[in-house]
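One structure is given below, encoded as structure tokens.
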Amino acid sequence: MSDVIVVGAGVVGAACAYYAARAGLDVTVLDRGPVAGGTTGSGEGNVLVSDKEPGPELELAVLSNRLWRALAQHGGFEFEAKGGLVVAETPEVRRQLADLAAKQDVEHSVVPAGALRDYEPHLADGLAGGVYYPGDAQVQPMLAAASLLRHGADSYGRGTLRLRLGVEVTGFTRSGERVTGVRTTRGDVLGGAVINAAGTWGGEVAALAGVRLPVLPRRGFILVTEPLREPLIRHKVYTAAYVTNVASDSAGLETSAVVEGTPAGTVLIGASRERVGFDRTTSVPVLARLAAQAVALFPALREVRAIRSYCGFRPYCPDHLPVIGADPRVPGLYHACGHEGAGIGLAPATGHLLAQVLTGDRPDLDLSPFRPDRFPLESQ
């Protein structure tokens, strides 16, 4: 019997397992697929503070950013402290970006139009300026999830971490109202607590326990270019529309230019958002729009070939905040899901805070904005 069962071996589940094991708990991680086989494996690896409105999510992002940098000292995954450049097409949008940055109270520099090419020499003409965030970073998400699980298993005599793949959770075991474990396709697994870290499928796992979370899939595509001989893009670069799209409630298609290089020399191009269920059908019009937006931002990309694309499903919540903490409706059940497109960036803080809750420590941040029972019935 484990102290904690984590459902989901994506980066959020891996972070929950890592910090729980480091805190001295015995942890079992279950996943019906491979490590990072869901949303994590389809992500860009964003570790961002630049796209967060002031409030609880930004506080979570700042804590997580600090934790990612500490984790990167162990090695085992790619971590690039590259910084992020948010660009504006008009003076009015530039003023809005500067106002947002001032309210965020994180390190930043307002960049006038004439200085943009000091940051990105290949940017298009005619941009009105932007804001640079040195704290923005990128990780390779699959390697990061695997590294967290590996180092969590190496807890040096504190807790333990066991990983069981190809195991699908089909229900929960109970003693009275309290959850005591999960039922799976390979038998019951018992534990003192269960963490629902199933990402986009977090609502389905919650339903197995008799509670509802309004977590919905929000599809996004990414284009990948051929490897470039020389780096073309130095930072994560995106237009102000990306911030607006992240906060949007629309179910329809929204796109914004997001462009960044990787250590392998490829360029990742996004971002699109639409709620179409779990439809994985490749949309050529969406990919064409992403390519056109990227070329408008970096004209040199016109001569670069796109070699592949992929899609993933962000775990969307109606209020754009993740679900983190104990579920008061079901004792013994905890949630760590609903992070939408920020799960990779917010994973360490999520795991760290839940480990504090599980061990009886006061969490470093107030978790009430993320409580599982906050949604009105009509949103469920």
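The values are calculated or read from the model by the stated rules, or taken from the named source; none is laboratory data. All of these numbers come straight from a predicted model, not from anything done at the bench. Reconstructed Cβ throughout: ideal geometry from the backbone, glycine too, with neighbour counts over all protein chains shown. Each accessible area value is taken on the protein alone, full model and side chains, heavy atoms only, with ligands, DNA and RNA left out. Shrake-Rupley method; radii C 1.70, N 1.55, O 1.52, S 1.80 Å.
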Probe 1.4 Å, all chains present, heavy atoms only: D51 accessible area in Å², nearest 10, is 20
In whole percent, the fraction of accessible protein surface over the chain that belongs to carbon or sulfur atoms, probe radius 1.4 Å, stands at 51
For the chain, the dipole about the Cα centre with charges only on Cβ (Lys and Arg +1, Asp and Glu -1), to the nearest 20 debye, works out at 840
Row for region 162-213, column shape: gyration tensor on C-alpha, a ≥ b ≥ c, rounded if a/c < 1.5 i.e. under 1.5, prolate if a/b over b/c, else oblate; value oblate
Checked region 288-354 with the C-alpha gyration tensor, a ≥ b ≥ c its square-rooted eigenvalues, rounded below a/c of 1.5, otherwise prolate if a/b is larger than b/c and oblate if not; verdict prolate
Expected field for D364, accessible surface area in Å² at 1.4 Å probe radius, rounded to 10, holds 90
For the chain, longest principal axis from Cα atoms; helix 56-72 axis from its Cα atoms; angle between them, nearest 10 degrees, is 90
For K82, the aspartates and glutamates lying under 19 Å Cα to Cα, once residues fewer than eight places off in the same chain are dropped, come out as E44, D51, E107, D118, E120, D136, E230, E260
Counting only protein heavy atoms and rolling a 1.4 Å probe, one gets per residue an accessible area for region 222-308 in Å² of 47
The extension gain from S250 to A296, computed as 0.36 nm times the residue separation minus the Cα-Cα distance, is 14.1 nm
Taking only protein heavy atoms and a 1.4 Å probe, the highest-to-lowest accessible-area order of R229, R374, R158 is R229, R158, R374
One finds, for E107 and E303 with R0 = 45 angstrom and r their Cβ-Cβ distance, a FRET efficiency to the nearest 0.05 of 0.80
With the dipole of region 147-260 defined by +1 on each Lys or Arg Cβ and -1 on each Asp or Glu Cβ, the option from L213, G166, A198 whose Cα lies farthest towards the positive pole is G166
Reported to the nearest 10 Å², T160 has, with a 1.4 Å probe, an accessible area equal to 50
Restricting to lysines and to Cα separations under 17 Å from K52, and discarding same-chain partners fewer than 8 apart, the set is K103, K236
Note, region 108-116: 3J(HN,Hα) by Karplus (6.51, -1.76, 1.60, θ = phi - 60°), whole Hz, Gly/Pro = x, goes 7, 9, 7, 10, x, 3, x, 9, 4
Which of [x] 20.5, 59; [y] 24.2, 79; [z] 20.5, 67 is the computed Rg and Dmax of the Cα atoms in Å? It is [z]
Karplus-derived 3J(HN,Hα) from phi for region 219-224 (6.51 cos²θ - 1.76 cosθ + 1.60, θ = phi - 60°), whole Hz, x at Gly and Pro, runs 6, x, 10, 10, 9, 10
